[in-house]
Amino acid sequence: MKLANPISIDELLGILQTEAIVKGKTDNRVCGINELHSVEEGDLSFVDNEKYYDRMLRSKASVILIDKDYDCPEGKTLIFVKDPLMSYLTVVRKYIHFTPQQEAIHPSAQIGEGTVVQPCTFIGENVSIGKNCIIHSNVSIYADTVIGDNVVIHSGSVIGADACYFQKRPDGWVKFDSCGKTLIGNDVEIGCCVCIDRGVSGDTYVGDGCKFDNFVQVGHDTYIGKRCLFGSHSAVAGCSRIEDECVVWAKSVINKDLTIAKRTTILALSAVDKNVTEEGTTLFGTPAIDPRRKWREMACTRQLPEMADELQQLKKELAELKEQLSK
């Protein structure tokens, strides 16, 4: 999330309202708030996990909330606090908070010429919808969503809901408040009961010409390129990148933090758990691999009962042969 007006380190400390020690450059200004996966120069971020200290310190973040005493990299500001996550969320909540809405369509929403909004649709604060769109009944478009021209969204879909992003703690789960946006390109068609979550700190993006069947889930901070197609009940976890012209058929899933190369086809009932680097790849199975290899595995699996019977028969014959030789 980018701030409308950058803040100084002193202003940041005033927002945090907690004990803090500042190390490094003291005249940095916070221009945005971001998590590690999408952090940019000028951003405030945080780290509290052993796995990510080095990566965060080498990231583009200008100001880092941290709970361990590290040497400050050149040009950065380290702010040592007891609980970096809660301090980070304190800043997020300064700028993003839930505002109850009385109207079905918020007065700040911008709706383009020729766009039709059917009854019983909810459109939140700061939503922008382009020209010649059709928004069917019972669609919910949450705050800060941007939708292009010629977009069709069918009944029951939810665009821009909060990310499913929580940290496990001894007393329960702590929610990461979502402060990113949801950006939908031109000529996109979204089926019934599709959920596209907003970014937790960056943006969730759907490129021009994408098509979604019913019951598709797109996680937070995911990037989807142009002219991709998603079959019914498919799902993409957060922070993944789907390049142009990919096809994800029904009931297939893509794990988080993955990159899928251009023109990849993921056949139905597949689960992708690794990056796809070669353009035009076709995958099938769980985990998804080359379809021909997977089909051979399936054929071999079907032969296992007969192979087990043959093995038992061979063991019996071997035992009989040993008994004869021992006489």
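Below are the figures for this structure:
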read-out	value
Residues within the stretch 63-75 that are outside any loop (DSSP other than H, G, I, E, B) and touching a Ser or Thr at 6+ places or on another chain (Cβ under 9 Å), tallied	3
Residue within the stretch 146-166 that is outside the structural domain of Ser87 (by TED's automatic domain parsing), among the acidic types (Asp, Glu) and within 18 Å of Cys210 (Cα to Cα) present	yes
Count - residues of the stretch 135-148 that are surrounded by fewer than 22 Cβ atoms within 10 Å (Cβ to Cβ) and more than 23 Å from Ile96 (Cβ to Cβ)	4
Total residues in the stretch 37-59, condition crowded, with 19+ Cβ neighbours inside 10 Å, not in a loop (DSSP other than H, G, I, E, B) and not small (Gly, Ala, Ser)	5
Residue within the stretch 104-115 that is among the hydrophobic types (A, V, I, L, M, F, W, C), at pLDDT 95 or above and in contact with a Lys or Arg (Cβ under 6 Å, 6 or more places away or on another chain) present	no
Verdict on Asp213 being at pLDDT below 95, on the phi < 0 side of the Ramachandran plot and of a type in the set (Asp, Glu)	no
Extreme residue, farthest from the chain's Cα centre (by Cα), among residues of the stretch 8-30 that are assigned to a strand (DSSP E or B) and buried (at least 18 other Cβ atoms within 10 Å of the Cβ)	Gly24
Test: residue in the stretch 176-192 that is closer than 17 Å to Ile96 by Cα and either touching a Cys at 6+ places or on another chain (Cβ under 8 Å) or not assigned by TED's automatic domain parsing to the domain that holds Gly231 (or both)	no
Residues being in a helix (DSSP H, G or I) and more than 28 Å from the chain's Cα centre (by Cα) - total across the stretch 76-121	0
Checking Leu183 against (1) in contact with an Asp or Glu (Cβ under 7 Å, 6 or more places away or on another chain); (2) in a strand (DSSP E or B); (3) surrounded by fewer than 21 Cβ atoms within 10 Å (Cβ to Cβ), the condition it does not meet	(3)
Scope the stretch 17-74; condition in contact with a Leu (Cβ under 8 Å, 6 or more places away or on another chain) and basic (Lys, Arg); matching residues	Lys23, Arg55
Residue check for Asp208: of a type in the set (Asp, Glu) and over 17 Å from Ile242 (Cβ atoms)	no
Tally of residues being buried (at least 23 other Cβ atoms within 10 Å of the Cβ), assigned to a strand (DSSP E or B) and not aliphatic (A, V, I, L, M) across the stretch 230-270	1
Only one of Val174, Val188 that is of a type in the set (Val, Ile, Thr) and under 25 Å from Glu35 (Cβ atoms)	Val174
Unique residue being crowded, with 18+ Cβ neighbours inside 10 Å and not small (Gly, Ala, Ser) when the list is Asn132, Asn34	Asn34
Residues of the stretch 271-314 classified as surrounded by 15 or more Cβ atoms within 10 Å (Cβ to Cβ) and assigned to a helix (DSSP H, G or I), total	2
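The values are calculated or read from the model by the stated rules, or taken from the named source; none is laboratory data. Note that the structure is predicted; figures quoted are calculated from it, not measured. Don't worry about glycine lacking a Cβ; one is built from the backbone with ideal geometry, like all the others, and counts go over all protein chains shown.
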